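Enquirer: This is the structure I have questions about; it appears just below.
The values are calculated or read from the model by the stated rules, or taken from the named source; none is laboratory data. Predicted model only: the values in this text are computed from it and were never measured. Cβ placement follows ideal geometry from the backbone for every residue including glycine, while neighbour counts extend to all protein chains displayed. In case anyone asks, the SASA skips ligands and DNA or RNA and just uses the protein heavy atoms, side chains included. Shrake-Rupley method; radii C 1.70, N 1.55, O 1.52, S 1.80 Å.
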Amino acid sequence: MRVVISIGGSVLAPGLDVGRVEGHAAVVESLADEGCELGAVVGGGGVARDYIDAARDLGANEVQLDQIGIDVTRINARLLVAALGDFVDPTPAHDYEEAGDAIRRGDVCVMGGVMPGQTTDAVAAALAEYINADLLVYATSVDGVFSADPGTDADAEKYGTLTPSDLVDVIAPMSRSAGASAPVDLLAAKLIERAGMRTVVLDGTDPAAIEAAVLRGEHTGTDVVPEGSGAEPTYWTQR
Ligand code: UTP
């Protein structure tokens, strides 16, 4: 079973919590031991936002800001690599081809951002399509896709299951309203729809939640299930 896990920067390393990084690395190792072929895409989190805010005040343009964001995602990817040790290539992949090469060699592939104008949400979706993944998991700080921001709207309801086109419909209006934080960005949702990629959005704060979702399909977040693929995945046991 081939899996891409997108780990938000604030999920992997809030305040550079070493134990948290070790916990996520342990899950990556354990899934690989179970026979999963894995790609891990790491986000920039609060550190990226701090650097971007500072550079914006200094007059950097949007592409320059994105480049700074990408550099921070790659630093976070290196943090995960550090915790994984000899298990992975020491340099995060620079593009999908390098990532695919790592998977073909039988290595776990770790990467951050790749180019301006997007986030690592889209990188994870594109990587999942590129390597023909069976499953894409977004380990975010929110436990699934909600009808509104659950942090600010008490009436926000969680979707248990969505089709990829439902996901696009839910995310699109969120992406238009300033300051709204969608759990997965619109480009990623569109890539998921185009690829018909089975996807899970969950709270990845506890790395064990990622492991349960990948190995057994057990989680409390949102399943994005392509039309015609059936609600029950058949490959959990085909690792
Ligand atoms: P993240 O993927 O962490 O973005 O990349 P984010 O949406 O701000 O983080 P979360 O999901 O809320 O935790 C950090 C920044 O790096 C740049 C963007 O500026 C992004 O906001 N980036 C990242 C790119 O320009 N291209 C990429 O491929 C990845």
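Enquirer: For every other residue with a beta carbon closer than 13 angstrom to the beta carbon of Ala156, add +1 if it is Lys or Arg and -1 if Asp or Glu, then tell me the sum.
Expert: Combined, the nearby Lys, Arg, Asp and Glu give -4.
Enquirer: In the chain, which whole DSSP H runs stretch at least 30 Å along their own axis (Cα) and average -0.5 or higher on the Kyte-Doolittle scale?
Expert: Qualifying helices, which must be both long enough and hydrophobic enough, are 62-84.
Enquirer: Probe 1.4 Å, all protein chains in place: accessible area of Ser175 in Å², nearest 10?
Expert: 60
Enquirer: Here's a follow-up. Taking loop as defined by DSSP and a crowding limit of 16 other beta carbons within 10 Å, which GluC sites (Glu not before Pro) in the stretch 1-101 fit?
Expert: The qualifying sites are Glu34.
Enquirer: Let me know the charge dipole size of the chain about its Cα centre in debye, to the nearest 20, where only the beta-carbon of Lys, Arg (+1) and Asp, Glu (-1) is charged.
Expert: Magnitude of the dipole: close to 240 debye.
Enquirer: Using 1/(1 + (r/R0)^6) with R0 = 45 angstrom and r between the beta carbons of Thr91 and Ala156, what's the FRET efficiency to the nearest 0.05?
Expert: So the FRET efficiency works out to roughly 0.65.
Enquirer: While we're on this one: Amide H of Ser6 versus every other amide H placed in the peptide plane: which residues, excluding those fewer than 5 positions away on the same chain, fall under 5 Å?
Expert: HN-HN under 5 Å from Ser6: Val41, Val137, Tyr138, Ala139.
Enquirer: For every helix of n ≥ 4 consecutive DSSP H residues, a contribution of -39,500 (n - 2.57) applies; sum these over the chain, divide by its total residues, and give [θ] at 222 nm rounded to the nearest 500 deg cm²/dmol.
Expert: Computed ellipticity for the chain at 222 nm equals -14500 deg cm²/dmol.
Enquirer: Same structure, new question: Where the accessible area of the chain is counted over protein heavy atoms with a 1.4 Å probe, how much of it, in %, is carbon and sulfur?
Expert: Carbon and sulfur together cover 50 percent of it.
Enquirer: Averaged per residue, what accessible area in Å² does the stretch 130-172 show with a 1.4 Å probe, protein chains only?
Expert: 45
Enquirer: Find how many whole Å separate the alpha carbon centroid of the stretch 21-42 from the alpha carbon centroid of the stretch 95-120.
Expert: Using only Cα atoms to place each centre, the spacing works out to 15 Å.
Enquirer: A further question follows. Please state the charge dipole magnitude for the stretch 117-183, taken about the Cα centre, from unit charges on C-beta atoms (+1 on K and R, -1 on D and E), reported in debye and rounded to the nearest 20.
Expert: Here the size comes out at about 160 debye.
Enquirer: Quote the accessible area belonging to Leu16 in square angstrom, nearest 10, computed with a 1.4 Å probe and with ligands, DNA and RNA left uncounted.
Expert: Leu16 exposes around 110 Å² with every protein chain in place.
Enquirer: So, taking all protein chains as they sit and a 1.4 Å probe, how much accessible area belongs to Thr220, in Å² rounded to tens?
Expert: 100
Enquirer: Determine the percent antiparallel among the DSSP beta bridges restricted to the chain, to the nearest 5.
Expert: 15
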